[in-house]
1. What order, most packed first, do the peptides 216-227, 99-110, 128-139, 24-35 have when packing is the mean number of other Cβ atoms within 10 Å of each residue?
2. Compare the peptides 71-79, 46-54 by average per-residue count of other Cβ atoms within 10 angstrom and give them in order, highest first.
3. For region 85-168, what does the alpha-carbon gyration tensor say about shape, rounded, prolate or oblate, given a ≥ b ≥ c as the root eigenvalues, a/c under 1.5 as rounded, and a/b over b/c as prolate?
4. Report relative contact order for the chain in percent, whole number only (criteria: Cα-Cα under 8 Å, sequence separation at least 6).
5. Over region 159-256, what is the relative contact order in percent, taking alpha-carbon pairs closer than 8 angstrom and at least six residues apart?
6. Please figure out what share of the DSSP beta bridges in the chain is antiparallel and state it in percent, rounded to the nearest 5.
7. Let a ≥ b ≥ c be the square roots of the eigenvalues of the Cα gyration tensor of region 7-149; is it rounded (a/c under 1.5), or, if not, prolate (a/b larger than b/c) or oblate?
8. Relative contact order for region 7-149: what percent, with Cα pairs under 8 Å and sequence separation of 6 or more?
């Protein structure tokens, strides 16, 4: 099935509408429950999931939809899908609960195990990052026209490392220390949700080491944006992070803005 770039504004609109539904909960008193895997769930997750799924089903009725909230219902049937929507209706639920604004709406289109479209919308800031493979990556602020974004070349006098606000850990601290042996100054930015990958895509950060587990819906949309902006998202073998795996969990991965840089998971540059 051929997908036209004209679908991108429609997807941004869907993500924006989901963002408004999320903000209606965010700005109220709300409760949350804890799922079996220990992660939190709010009514905002559920509202956004239903809204996005309904819109995608209407927009592309022949393409199935998989989300964090429906994954257990779909089961292994997803492994036979050559193309499908992969969504995280509210990425960064902990940030949502803590009310720091660092949560996003993620919509990706997976084709042959790779993300070919990605939309990451940040409701609190009304910002949308979006991309289509081989068509470029873009940033849109509110009603303003979208502008192209690109990763940046590494400047060895100063590098920005972005790390998870909730899951930094000792491995990332060691990565930062080793990177400092190759770069004069390393600044570390703590950030929640898919915004970490988006900072690399915008050229505001150089590296994001995710030395811990994530799920496929956490990364697909933002990975597409990073790659379309000129960067790479790789596993320990140096291969692009892939999807439609039997295990929905991702391996450890690195987001690198400058694809010419050969860096390992210890933070050492070859």
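Where a number appears in this text, it was derived from the coordinates with a stated rule and is not lab data. Since we're looking at a predicted model, the values are computed, not measured. Cβ placement follows ideal geometry from the backbone for every residue including glycine, while neighbour counts extend to all protein chains displayed.
1. Taking the mean over residues of other Cβ atoms within 10 Å, the ranking is 216-227, 99-110, 128-139, 24-35.
2. Put in order of decreasing packing, that is 46-54, 71-79.
3. Note, shape of region 85-168 comes out rounded.
4. Once normalised by length, the contact order is 17 percent.
5. 30
6. 80
7. Note, shape of region 7-149 comes out oblate.
8. 20
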